[in-house]
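**Q** Please find one structure pasted underneath; my questions will follow.
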Amino acid sequence: MSQPFRLNKEGLINRNKKISFTFNGKKLFGYEGDTIASALIANGIHLVGRSFKYHRPRGFFGAGVEEPNAKLQVEFNGHSEPNVNATEMELVEGLSATSQNCWPSVNFDIGAINNFLKMFFPAGFYYKTFMWPKSFWYKIYEPFIRKAAGLGVASIEKDKERYEHKFEYCDLLVTGSGPSGLASAYAAAKNGAKVILAEDKPRFGGTLLTDDVSIDNLSGKDWAEKIITELKSMPNVTVKNRSQVFGYYDHNMLVMFERVSDHLEKKSKFTPRQRLWYIRAKETILSTGSIERPIVFGNNDTPGIFLSAAAKEYMKVYGVLVGKKPLIFTNNDSAYETALEFKKNNVEPIILDTREELSSELIDEAKSKGIDIRFSHGVIVANGYKKVKSAKIGKLNKDKNSFEKIETVDCDCICVSGFWTPSVHLASQSGNKLKYEERIDAFIPDKKKQHETSVGAANGSFTLEESLKNGFENGSNLSAKITDTKTEIAIPNVNEKKYGAHDKFWCMPLPKNENPKRFVDFQNDVSVSDIEIALREGYRSIEHVKRYTTLGMATDQGRTSNLNGLQLVSNIENKIVPEVGHTTFRPPFTPITIGTIVGREVGMEYMPTRKTPMHEWHEKNNAVFVDAGAWKRPRYYKQGNETLFEASKREAKNVRENVGICDVTTLGKIDIKGPDAAEFLNRVYTNAWMKLPVGKARYGLMLREDGIVMDDGTTTRISENHYHMTTTTAQAANVLSHLEYYLQIVWPELNVNVVSTTEQWAGAAIAGPKSRDMLSKLYPDLDVSNDSLPFMGYKEADFFGVPSRIFRISFSGELAYEINVKSDHGMFMWEKMMEVGKEFGNQPYGTEALSTLRIEMGHVAGPELDGRTIPSDVSLNGLVSKKKDFIGKNSLGREAFNVESRQKIVGLIPIDRKSSIPEGSHIVQDQNAKLPNPKLGHVSSSCWSVENNNPFSLAIMKDGKNMIGKKFFAVSPLKNKSIEVEVISSHYVDPEGKRVRS
Amino acid sequence: MLYIKCPYCGFRAQKEFSYGGDATVKRPNINEEVSSEDWDNFVYMRKSPRGKHIELWQHIAGCRQWIKVQRDTATHEIFQTAKVTEEIR
Ligand SMILES: [Zn+2]
């Protein structure tokens, strides 16, 4: 397969390795080292897509990140990726690329009718047209716009690739490996600094790869290679290609996107596809270079029109000609290098230079080589629909606003250069206010905001000599401050061509009665006339003009269009560019994959999973788990075809009738030690703690300072100065921080230490009327009688050779115990309990049965302690001491907390004794009342009472206690249910609490 | 992401800390009478300055110490960090 536009020798590609790929179904070949773009151009293919709004044919314009047009849908290595920049994506065997935003094909696109109706699609068209009627939006307008605006298609398959995050710290981060970046990194490395050098492209060297320069008698490319080789050999340097620093955040944190393996044909299972680096750098060198901007002219979006530097890069890096009959259209000297490169490859260019005839090193060289140069000339309009065929060119008058002569010349490509724009995105993201530099008609960084130092072209230095000097000096000075070492480095001798002054000219006028589209922003189809309309309609702020026209808002962030747009606005408004100002740069610089942002935090790795030591047993015994924070807790143990409802009923009933065991390891546990521990607990809890004897547990209630209940649990006095506190599973972390806050900040004089021991202990609750019988079998040598181990008693005892703690506490409201052993022995304890408990009918029970048991007992939990209730709301005012001070006490006197009609906890049962009441239901007087129906309260917890064999709920209700005996409706619009209920006491079972004391 | 110097551990990423509010608020002494106005000011009233502000952070994934951080709420610049027992001018 021949590649008609491939040069014979030139380029840095590997001609020994052919790579096959397809484009829109056609099989083609390129070489290793090609991008999709360079391979397609080598094959003479320029038409790659259709434009966003008018569906105009579009081809390649740039050779890297600046590319506005060539966004393809690419399938490779088993996945399909939309909006891939063809000028950046490296060719890989078997890759298949297709055009986007066209139907049925890129050659015949029905949407192109928009181009002929373009008078109907001016700036603000969507805003104006699709505003009303409102009902049309979802059904008609939105689908239409979505289809018309279709970029690529995201895959709906699960992403099987691996992505990684990496955190890194360094002294100096250098972003870009052009001359100034290499110099900075080298100088800093020689000073012993820890350096990271990041290069977005696969090859290091930046413009050194394409510019005709020499450094210390080496070609730019060879010098770059020499420096990179040395840097790679230094242990204090990390050199990364295919890595783009795309964001500059607070406190000198930069984020880098590394394309690890997209260019590889084969890779190991564990090689990530892409990697996100969070880099905290002490100093940052921004050597991001500059991007050429175009000159605006008629039909300047026709395929075959390139940035001049891109055309040169295709020749020098890829050995590819963008055309064989080039027109070079420029306002400065740099495009002459492109012309000379064409000439070197035996292609005859014509140069159109907007400047009046002048002389410079490059111009003289071009003249001496016999290149056709036409001064005061420019391209008026490109001819050709799917590819440039010719151009109407004109000789500009003195004022450059009309033409002295117009003619048409044949050409197959136009290489345009409107001078250079420093890439200041990272500087701007760091908070740097940019300043306008008249000399280069562009913005450059102003005073440092963080630790960013811009060097080289990114700072507006467009000569190699200056860039190198800049780089060496800054790299050396910045790193010397960190390492206290300064190694003298001789700044190398440079040989480069001197440029003449550029022309401050950026948009070609149009001859009378001609009105071709002149595009400013290619990717979003924003033309000169769109900006004119926006200004005519009164938009003044550049931010508003941007949003109204969508100028610079596409994925290329206006890299080739922003400054031309600004120039246009300032010309029309008769302002100078700095007054108009620039729009905000935001990360990411180029689109990055969602997979990279997510990293490994997917599926099971989304958050840590906490498992109790008995987890495996639960798994083997058909536990169905529920997430409690990061914990996995058995919700119920499924037997046969049982439903959740059936299983939890069985388990709860067994606790009420026999005995059950429950894994309570997840409860928060905090060890509290110190001579002031009792005083501390007395301040933290609402009830009295000074007189709790050793060997006794007490139920405690803690509040926030605003009087709202924070958490509840039991705390046991293990020894004189040692307490064991339990918290709810959900509040464990908060309670610990809360205690630390008071000990460290509010009462540092208290001699107390707290530490979490949640993970150190495995816990099992034994509950039910037969639990004491079972306990006596578990501890044959221990007196477990009610006298010896009463309710709220505590003992330490040997559990079949393992030390254990026995707490006689109960959440289920039954006679119950909680046994704790060291986590390592958790499984042993559990299995032993299952074995010993057999004869008493012991069964494990999950959280669903646990809830049932506590609800019908009227014990409050998370749904009642919801951050809105004070102790008296949930019938816990008995635990609130009137004698002592404690956290939140002063708030309990607030007026609103003490009004008679305040919400209180009550019980609810359905009148029909059958209908379950959905949690979250609203309690209303009249289910048919006009909306908004006054809400009297809400249902917080619901269960099927196993004791009474009917549904029972807890509710928080206005004036609750006085409502007992009355009837209301519990209404759940979500479940579409309305159930007539009767208000009863919240203590539905054993209201006197006899069982726990039995 | 902020870079916070824990007075005990040194510079650590913000990920390791949790925010704890205004550090200039002082809790009324325990066991002492307090007017409801003073109490309400302590519980509810907070300044929300634009600019320098001394706030509490806890090094939750580190030494678990509460610390003071003087930070510019607009620019995120951190001027000083200190132990809670130390004063920040
Ligand atoms: Zn710390």
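The values are calculated or read from the model by the stated rules, or taken from the named source; none is laboratory data. Note that the structure is a prediction, hence the values are computed from the model and not measured. Positions of Cβ are generated from backbone atoms using ideal geometry, with glycine treated the same way; all protein chains shown enter the neighbour counts. Surface accessibility is based on the protein's heavy atoms, side chains included, excluding ligands, DNA and RNA. Shrake-Rupley method; radii C 1.70, N 1.55, O 1.52, S 1.80 Å.
**Q** Estimate the FRET efficiency between residue A:783 and residue A:753 by the formula 1/(1 + (r/R0)^6), using the beta-carbon distance for r and 45 Å for R0, to the nearest 0.05. Each step should come with its number before you reach the end.
**A** On the way: r = 33 Å, r/R0 = 0.74.
That pair, residue A:783 with residue A:753, gives E of 0.85.
**Q** Moving to a separate point now. Just to be sure I understand the model, the point goes 7 Å from the Cα along the line to the Cβ. What's the resulting residue B:79 to residue A:949 distance in nm?
**A** About 7.3 nm separates the two model spin labels.
**Q** Restricting to Cα pairs below 8 Å that are 6+ residues apart, what does the relative contact order work out to for segment A:294-418? Please round to a whole percent. Please list the in-between numbers first.
**A** On the way: 273 pairs, mean separation 42.7, N = 125.
Relative contact order, segment A:294-418: 34 percent.
**Q** Counting only other chains, and only Cβ atoms inside 10 Å, what mean value do you get across the residues of A:277-283?
**A** Counting Cβ atoms of other protein chains within 10 Å of each residue's Cβ and averaging gives 1.
**Q** Right, here's the next one. Taking the Cβ of residue A:947 as the center, what net charge do the other residues with Cβ under 15 Å away carry, scoring Lys and Arg +1 and Asp and Glu -1? Show your work: numbers first, answer last.
**A** Numbers: positive: A:649, A:650, A:653, A:656, A:854, A:913, A:994, A:995; negative: A:651, A:657, A:814, A:856, A:990, A:992.
Net charge in that neighbourhood comes out at +2.
**Q** Taking accessible area as the heavy-atom solvent-accessible surface of the protein chains with a 1.4 Å probe, which residues of segment A:231-259 lose no less than 20 Å² upon going from the isolated chain to the full protein assembly?
**A** Relative to the lone chain, where solvent access is computed with a 1.4 Å probe, segment A:231-259 loses at least 20 Å² at A:250, A:251, A:253.
**Q** If Lys and Arg each add +1 and Asp and Glu each add -1, what is the summed charge of the other residues whose beta carbon sits under 13 Å from the beta carbon of residue A:664?
**A** Numbers: positive: A:633, A:669, A:805, A:854; negative: A:663, A:818.
Charge balance in the 13 Å sphere: +2.
**Q** Pop the C-beta distance of residue A:26 and residue A:264 into the FRET formula with R0 = 25 Å and round what comes out to the nearest 0.05.
**A** For R0 = 25 Å, the calculated efficiency reads 0.55.
**Q** Taking a ≥ b ≥ c as the square roots of the Cα gyration tensor eigenvalues, with a/c under 1.5 meaning rounded and otherwise prolate when a/b beats b/c, else oblate, which class fits segment A:339-428?
**A** On the way: a/c = 1.22, a/b = 1.13, b/c = 1.09.
It is rounded, given that a/c, with a ≥ b ≥ c, falls under 1.5.
**Q** Turning to a different aspect of this structure: Treat every Asp and Glu Cβ in segment A:748-797 as -1 and every Lys and Arg Cβ as +1, leave all other atoms uncharged, and give the resulting dipole magnitude about the Cα centre to the nearest 20 debye.
**A** Working: 4 positive and 7 negative charges, 54 e Å.
Once rounded to the nearest 20, the dipole reads 260 debye.
**Q** How many nm separate the modelled label positions at residue A:972 and residue A:760, each set 7 Å beyond the Cα in the direction of the Cβ?
**A** 4.3
**Q** If you don't mind, there's one more thing I want to ask. First select every other residue whose beta carbon is under 10 angstrom from the beta carbon of residue A:106; then total the charges, Lys and Arg +1, Asp and Glu -1. Please list the in-between numbers first.
**A** On the way: positive: A:50, A:58, A:386; negative: A:109.
Around residue A:106, the charge tally is +2.
**Q** In whole percent, and with a 1.4 Å probe on the protein chains, what portion of the accessible area of chain A is carbon and sulfur? Walk me through the numbers on the way to the answer.
**A** Values: 21580 of 41680 Å².
That fraction is 52 percent.
**Q** Only Lys, Arg, Asp and Glu count, each charged at its Cβ (+1, +1, -1, -1), so figure out the dipole size of the protein assembly as shown about its Cα centre, rounded to 20 debye.
**A** Details: 145 positive and 134 negative charges, 342 e Å.
Using Cβ point charges on Lys, Arg, Asp and Glu, the protein assembly as shown gives about 1640 debye.
**Q** Suppose the chain between residue A:166 and residue A:657 were pulled fully straight at 0.36 nm per residue; how much longer would it get relative to their current alpha carbon spacing?
**A** Length gained between residue A:166 and residue A:657: 171.2 nm.
**Q** So for chain A, averaging the separation of alpha carbon pairs under 8 Å that are six or more residues apart and normalising by length, what relative contact order in percent results? All intermediate terms of the calculation are to be shown ahead of the outcome.
**A** On the way: 2292 pairs, mean separation 88.5, N = 998.
With pairs under 8 Å counted, the relative contact order is 9 percent.
**Q** Still on this structure: Could you pull the accessible area for residue A:947 with a 1.4 Å probe, rounded to 10 Å²?
**A** 80
**Q** On to the next question. So how much accessible surface do B and A hide from each other in total, probe 1.4 Å, in square angstrom to the nearest 100? Display every interim value, and only then the final one.
**A** Numbers: alone 6380 and 42910 Å², together 46910 Å².
Summed over both sides, the interface buries about 2400 Å².
**Q** Would you mind putting A:515-522, B:27-34 in packing order, based on average other-beta-carbon counts within 10 Å, highest first? Each step should come with its number before you reach the end.
**A** Details: A:515-522: 22.5, B:27-34: 12.8.
Packing order, densest peptide first, comes out as A:515-522, B:27-34.
**Q** Go through segment B:1-16 and flag every residue whose accessible area shrinks by 40 Å² or more with all protein chains in place compared to the isolated chain (probe 1.4 Å).
**A** B:1, B:3
**Q** Given 0.36 nm per residue, what is the gain on full extension from residue A:543 to residue A:719 after removing their alpha carbon distance, in nm?
**A** This chain segment gains 56.5 nm when fully extended.
**Q** Label-point separation (nm) for residue B:87 and residue A:343, each offset 7 Å from Cα along Cα-to-Cβ?
**A** Simple spin-label model gives 7.7 nm for this pair.
**Q** How about residue A:449: which aspartates and glutamates have a C-alpha closer than 17 Å to its C-alpha, ignoring those fewer than 8 places off in the same chain?
**A** By straight Cα distance, residue A:449 reaches A:250, A:283, B:72, B:77.
**Q** Here's another thing I want to ask about it. Straight-line reach from residue A:795: which lysines fall under 26 Å, measuring Cα to Cα and dropping same-chain residues less than 8 apart?
**A** Reachable lysines: A:669, A:673, A:691, A:696, A:770, A:777, A:822, A:832, A:838, A:994.
**Q** Identify the residues of segment A:697-734 with backbone N under 16 Å of a label point that sits 7 angstrom from the Cα of residue A:746 along the Cα-to-Cβ direction, or state none.
**A** Residues A:701-712, A:734 qualify, since their backbone N sits under 16 Å from the label point.
**Q** Now, a different point. For residue A:17, which aspartates and glutamates qualify as cross-link partners when the Cα separation must be under 14 Å and same-chain residues fewer than eight apart are set aside?
**A** Hits, sequence-local ones excluded: A:32, A:34, A:90, A:93, A:265.
**Q** Leaving ligands, DNA and RNA out of it, rank A:275, A:58 by accessible area with a 1.4 Å probe, largest first. Spell out each step's value before the answer.
**A** Working: A:275 45, A:58 5 Å².
Ranked from most to least accessible, the order is A:275, A:58.
**Q** Sticking with this one: Can you give the calculated 222 nm mean residue ellipticity of the protein assembly as shown, where each DSSP H run of n ≥ 4 adds -39,500 (n - 2.57) and the sum is split over every residue, rounded to the nearest 500 deg cm²/dmol?
**A** Numbers: 25 runs with 223 residues, N = 1087.
Calculated from helices alone, the mean residue ellipticity at 222 nm is -6000 deg cm²/dmol.
**Q** Hey, with R₀ at 35 Å, roughly what FRET efficiency would residue A:958 and residue A:671 work out to, going by the Cβ-Cβ distance, to 0.05?
**A** Numbers: r = 41 Å, r/R0 = 1.18.
It comes to 0.25.
**Q** Determine the shape class of segment A:668-757: with a ≥ b ≥ c the square roots of the Cα gyration tensor eigenvalues, call it rounded for a/c under 1.5, and otherwise prolate if a/b is greater than b/c, oblate otherwise. Don't skip to the answer; put the middle values down first.
**A** Details: a/c = 1.35, a/b = 1.15, b/c = 1.17.
Here segment A:668-757 falls in the rounded category.
**Q** Report residue A:529's accessible area, 1.4 Å probe, all protein chains in place, as a number in Å² to the nearest 10.
**A** 50
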